[in-house]
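The structure under discussion appears below in the form of structure tokens.
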Amino acid sequence: MKRVKSILMLLAAMCLLAQCNNPQPAGPDSSEEPSAEPSVEPSAEPSVEPSAEPSVEPSAEPAEPSPDPSSEPALPPFEEVLDFGHFEKDLGEGAVAKGYFCIADVSDPRLVFNAILVPGNATLPSIYSHWAEEGVKPYLLLNAGYFGGSSTVSPVVHNAVVVATGASSEGKYDGYYLVRAAFGMMPDGTFECRWVYPCADDAYGRLYAFPSPLDNDDRTDTYMTSAPTTKTPGAELWEPEEAIGAGPMLLLNGEDVTVEAYHKEVHAIGGRQGYKRHPRSAIGVTADNKVVFLALDGRNAGGSAGATLPEMATYMKELGAVSAINLDGGGSTGMVGPEGDYIDVPYEKRKVSSAFMLSDVDVRRSYIKY
């Protein structure tokens, strides 16, 4: 038993000597078991609260690049606001009528409706080029009013100003006091077809609208002997923003009035050409205020025989117009599109004195040398 105690005491002394020769690494508590990691309390880790991580709100993620305005289409989407098209009508005996049209939603802010007076006359492509050089983008040009020589004989209103009455100093057209059809855009953006006349007793030279062409009728050689005035029954001040006159009225509020208007507006004084087929142009408005532009070629230009005035009324109605007027025709008929070229096949490509134009901006200048 004593021998065992001696052995145990010897072993204890040997262990103590080993610890002295191999000290434990210094630390907060050197009495830890050898398997224990250095004692580091969680709070002893770098003091970084979760909120101290880089503050990146979800909205601070890289933003989508803003659209470059210069990359936007230069033209409005035609299928939405400019519906260009054409049609062919079989007239029998191998003859066809070829029409080129555009139906425009002018309520779209990218489209501006302009009535253009052209002093000295110019072709439609020349008018297009002039405005393009001025920084305007024309989308469509259609010939409009009548003219003699280099002057309009139809009224033109631009920017709410009557820039031409078309009448003589006595208030006559072709020697008569004629109340004829005009097409205009009103201040509220709606479009109208009205019978109009520049009443001389209006101090400001404004146009007045009437419920009919009044008392002329070339079928009976009946003509007014004095000019209509602001006091004539039915006279109503007509103040469109943009307008051009021509005639005759083709459609009015859904009714075909072509034949009556043709004679009472006195378009047949030089013959009955309205009942023969020729190149013709027309403009009108649909029930939902879209504008219908039509150029119908004739005299075999592009293989088209042309149209009579009653046929033009039918074609305009088929295109959706409820009110429409005839414009100057023959060699004047033509339509130019967004690229500045004729869409139709004009008979003559004649210089004209006025035109309807759709563009991207307001055109504020009227008297321009082309």
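The values are calculated or read from the model by the stated rules, or taken from the named source; none is laboratory data. Computed from a predicted structure; not experimentally measured. All Cβ positions, even for glycine, are placed from backbone atoms using ideal geometry, and neighbour counts span all protein chains on display. Calculation scope for accessible area: heavy atoms of the full protein, side chains included, ligands and nucleic acids excluded. Shrake-Rupley method; radii C 1.70, N 1.55, O 1.52, S 1.80 Å.
Just the number, please: Stokes-Einstein D of region 233-320 in µm²/s, Kirkwood Rh from C-alpha pairs, 37 °C, 0.692 mPa s.
Translational diffusion coefficient: 230 µm²/s.
Give me the orientation-averaged projected area of the Cα convex hull of region 110-162, in nm², one decimal.
4.1 nm²
Using the Kirkwood formula over every pair of different C-alpha atoms, what hydrodynamic radius in Å results for region 246-296?
12.1 Å
Return the carbon/sulfur percentage of the accessible area of region 74-176, one whole number, probe 1.4 Å, all protein chains in place.
With neighbouring chains kept in place, the figure for region 74-176 is 48 percent.
Over region 206-357, with the other protein chains present, what is the accessible area per residue in square angstrom, probe 1.4 angstrom?
On a per-residue basis, 37 Å².
Let me have the relative contact order for region 260-311, percent, based on Cα pairs under 8 Å that are six or more residues apart.
It rounds to 34 percent for region 260-311.
Past 21 Å, Cα to Cα: identify those pairs from LYS317/LYS349; LYS172/LYS231; LYS98/LYS264; LYS264/LYS351, in the order given.
LYS317/LYS349; LYS98/LYS264; LYS264/LYS351, as the Cα separations exceed 21 Å there.
Of the heavy-atom accessible surface of region 203-333 (probe 1.4 angstrom), what whole percent is carbon and sulfur?
The C+S portion of the solvent-accessible surface of region 203-333 is 50 percent.
How do the peptides 231-241, 320-330 rank, highest first, by the average count of neighbouring beta carbon atoms within 10 Å per residue?
Highest-to-lowest ranking by the protection proxy: 320-330, 231-241.
Test of understanding: express the Cα radius of gyration of region 214-370 as a ratio to 2.2 N^0.38 Å, with N the residue count.
My calculation over the Cα atoms of region 214-370 gives 1.12.
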